[in-house]
Amino acid sequence: MSTPLQGSLLDGFGDTEFSSLRDARRTVLDHGAWVDLLPGWLSGADGLFDRLVHGVPWKAERRPMYDRVVEVPRLLRFYAEHEPLPDSALADARTALNEYYRLELGEPFRTAGLCYYRDERDSVAWHGDTIGRGATHDTMVAIVSIGAPRALLLRPRGGGPSIRYVVGHGDLLVMGGSCQRTWEHAVPKTRKPTGPRISIQYRPRGVR
């Protein structure tokens, strides 16, 4: 059985605020890729999680895989460039990210993709965000995580040892440089009962 979200005693349901992005820790990877990690970037995550769970029109999708059609093991909602985001905190986060990373971005974050991992059985397979301009150009993806901690793995495209990040409630992880072209990432299933998690992914226009 999955477990419910355990809210933070320190975080509570107060206003959403953000710490300084200058505190992000950068890991330089091979082939011109890098990852920034900032634990606890977002405070007020309990309230934001509750608002998104109940306010986002989540969608269950089915996709072809080999010779059959399977259910996508998570709920989804994508917000295009000119589509209003479901909570002002998401717009505030995007503004802060665009201001801090403006010299490295090339173009600002414009879209937001939301994934709702309901329990330990929900996951995302190995992939890179290369649909659109991400297939040929370096592009950045910023992920804000709220809810139960989950492992996010990265490995070189084509195979190789993986790097494991545990992304928790209010944490920020940014993949930059050539990361989407030369590395892959995944959120695997777990055997341990795990509470729900929402992942908010900011991308430039034309990258999915």
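The values are calculated or read from the model by the stated rules, or taken from the named source; none is laboratory data. Fair warning: this is a prediction, and the values are worked out from it, not measured in the lab. Neighbour counts run over all protein chains shown; Cβ positions are idealised from the backbone, glycine included. The area values use the complete protein model at the heavy-atom level, side chains included, leaving out ligands, DNA and RNA. Shrake-Rupley method; radii C 1.70, N 1.55, O 1.52, S 1.80 Å.
Against the condition closer than 25 Å to Val124 by Cα, at pLDDT 95 or above and out of contact with any His (no Cβ under 9 Å at 6 or more places or on another chain), how does Arg74 come out, does it pass?
So Arg74 fits the description; yes.
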Could you list, in sequence order, the residues of the range 87-109 that are open to solvent by less than 60 Å² (accessible area, probe 1.4 Å) and within 18 Å of Ser199 (Cβ to Cβ)?
-> Asp87, Ala89, Leu90, Ala91, Ala93, Arg94, Ala96, Leu97, Phe109
Being acidic (Asp, Glu) and farther than 20 Å from Gly195 by Cβ is the filter; apply it to the range 47-86 and report the residue that is surrounded by the most Cβ atoms within 10 Å (Cβ to Cβ).
-> Glu81
Between residues in the range 102-126 that are touching a residue at least 60 places away in the same chain (Cβ under 8 Å) and on the phi < 0 side of the Ramachandran plot and residues that are open to solvent by less than 10 Å² (accessible area, probe 1.4 Å) and of a type in the set (S, T, N, Q), which pairs lie under 6 Å by C-beta distance while being six or more apart or on different chains?
-> Cys115/Ser199
Search the range 171-187 for residues that are closer than 14 Å to Gly106 by Cβ and pair each with any residue that is assigned to a helix (DSSP H, G or I) when their beta-carbon atoms are under 6 Å apart and the residues are at least 6 apart or on different chains.
-> Gly177/Gly32; Ser178/His31; Ser178/Gly32; Gln180/Gly134
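Conditions tested, residue by residue: (1) out of contact with any Ser or Thr (no Cβ under 8 Å at 6 or more places or on another chain); (2) among the small types (Gly, Ala, Ser).
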| site | (1), (2) |
| --- | --- |
| Arg51 | yes, no |
| His54 | yes, no |
| Ala60 | yes, yes |
| Glu83 | yes, no |
| Asp92 | no, no |
Specify which of the listed residues (Ala93, Ala89) is among the aliphatic types (A, V, I, L, M) and within 14 Å of the chain's Cα centre (by Cα).
-> Ala93
Top-ranked residue of the range 194-208 - restricted to ones that are charged (D, E, K, R) and part of a strand (DSSP E or B), ranked as surrounded by the most Cβ atoms within 10 Å (Cβ to Cβ) = Arg197
For Gly170, all conditions in the list (1) surrounded by 21 or more Cβ atoms within 10 Å (Cβ to Cβ); (2) over 14 Å from the mean Cα position of the chain (by Cα); (3) on the phi > 0 side of the Ramachandran plot hold save one; what is the number of the exception?
-> (2)
So which residues in the range 47-74 are in contact with a strand residue (DSSP E or B) (Cβ under 7 Å, 6 or more places away or on another chain) and within 15 Å of Ala112 (Cβ to Cβ)?
-> Leu48, Leu52, Val56, Pro57, Trp58, Lys59
Report the residue count in the range 145-167 for those that are open to solvent by less than 10 Å² (accessible area, probe 1.4 Å) and touching a helix residue (DSSP H, G or I) at 6+ places or on another chain (Cβ under 6 Å).
-> 2
Matching residues, the range 173-193, being surrounded by fewer than 21 Cβ atoms within 10 Å (Cβ to Cβ) and outside any strand (DSSP E or B) = Ser178, Arg181, Thr182, Pro188, Lys189, Thr190, Arg191, Lys192, Pro193
